[in-house]
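The values are calculated or read from the model by the stated rules, or taken from the named source; none is laboratory data. Quantities reported herein were computed from a predicted structural model and do not represent experimental measurements. We place every Cβ from the backbone using ideal geometry, glycine too, and count neighbours over all the protein chains shown.
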Amino acid sequence: MSNTGSASFLRELNPNRVEATKREALLENPGFGRVFTDHMVTIRYSEGRGWYDAKVVAHGPFSFDPATLVLHYAQEIFEGMKAYRLPDGGAALFRPDANARRFRNSAERLAMPALPEPLFVDSVRELVRVDREWIPRTDGSALYLRPFMIATEAVLGMKPSPDYLYCVVATPVGSYFKGGASAVTLWVSENFTRAAPGGTGDAKCGGNYAASLAAQAEAIREGCDQVVFLDAVERRWVEELGGMNVFFVFADGSIQTPPLTGTILPGITRASLITLARDLGLTVREEPYAIDQWQADAQRGKLVEAFACGTAAVVTPIGKVKGRTHEFTIGDGNLGLVTARLKSALLDIQNGRAPDHYGWLDRLF
Ligand SMILES: *Cc1c(COP(=O)(O)O)cnc(C)c1O
């Protein structure tokens, strides 16, 4: 299969699958990322040989030499996407081609080999088909897919690895936040930034998350749910949350989100909401927005809603913003009308309740 893309996956099926009754019980209330399906996909890469050994195997531990490169220099990238249950019992992925493209871009930034986009999409389809019984049926839940790639050469040399392991695991998920649809409170981080120009802010790599954990811990200590990061240069422009993009909704009905200038992760949810909002007749601006302006606009009633968005958290209203020099409530602090409308427009397409005019669904069965 080398570099052509489309592969046949050798199936070494799990002889010890979770029993149906136990699986159904787990699917009742899966939480987020705690329960895993019976299988995973793995593909190997070696310099000179390309991609090889694509297979579906039982979900289980890997064994690595302690010198394995990823453990030391964090040469790792990942993706996050969902398979949705459709009303007729079938299932679909949402824009998997966009995840494949972003995975390739992340690989390039981390000096890793590009996994051919069709191979990425096939690997995810293959896992969902094998573990189809694990796609939950309850409203608001889905099967979350986590493709990732790690550097596997066992040598402490500071260089790109010649060998890699690509893997996809799957986990049934309910709501990302414990409160479900209720609004979150953000902490404006002044001590930490997430991404600098020229850095890895627009690549989906584990290192970005490791670097955001201290800021997230600070947010929790301050009684907030999530961090909102400002730009690293002027410490003024609102960029995004640790793992979600951000949108602002104004009283005149327009909406705004920070532009993709290299320090923000290009969310597929973000891109989809921009399209949906425009088709609903809303004016959408991709323009920088300063934290002081956000506070002033919220206090004057010029800004009436704000929300965070991403595959895991879907669309989550922002109720309050706090920081050392900021404190303000947005609208009445709850889910607003425009946020609710955009959220259901997106969810209705993803769950097959509304026509998919954009060709975003990739039907699996
Ligand atoms: C994954 C991610 C997002 C959301 O991207 P989606 O494609 O919408 O899931 C936003 N910000 C960061 C930092 C992320 O890692």
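Quick look at the numbers
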read-out	value
Filter result for the condition that a residue is within 24 Å of S141 (Cα to Cα), more than 16 Å from the ligand (Cβ to nearest atom), crowded, with 17+ Cβ neighbours inside 10 Å and in contact (Cβ under 8 Å) with a residue 12 or more places away in the chain, over L276, L335, L303	L335
Search result, residues across segment 234-271 that are within 11 Å of the ligand (Cβ to nearest atom) and in contact with a Leu (Cβ under 6 Å, 6 or more places away or on another chain)	P266
Test result for A308, surrounded by 20 or more Cβ atoms within 10 Å (Cβ to Cβ) and either away from the ligand (no atom under 16 Å from the Cβ) or of a type in the set (G, A, S) (or both)	yes
Residues of segment 79-99 satisfying the condition of being away from the ligand (no atom under 12 Å from the Cβ) and crowded, with 20+ Cβ neighbours inside 10 Å	A83, Y84, R85, A91, A92, L93
Residues being within 18 Å of the chain's Cα centre (by Cα) and either in a helix (DSSP H, G or I) or modelled with pLDDT under 95 (or both) - total across segment 128-146	3
Failed criterion for L213 (all others in (1) of a type in the set (A, V, I, L, M); (2) surrounded by 21 or more Cβ atoms within 10 Å (Cβ to Cβ); (3) within 14 Å of the ligand (Cβ to nearest atom) hold)	(2)
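Here's the yes/no breakdown for (1) in contact with an Asp or Glu (Cβ under 8 Å, 6 or more places away or on another chain); (2) more than 15 Å from the ligand (Cβ to nearest atom); (3) on the phi > 0 side of the Ramachandran plot:
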residue: I135; (1), (2), (3): no, yes, no
residue: L145; (1), (2), (3): yes, no, no
residue: T152; (1), (2), (3): yes, yes, no
residue: G157; (1), (2), (3): no, yes, no
residue: V169; (1), (2), (3): no, yes, no
residue: S182; (1), (2), (3): no, yes, no
residue: T185; (1), (2), (3): yes, yes, no
residue: E190; (1), (2), (3): no, yes, no
residue: C205; (1), (2), (3): yes, no, no
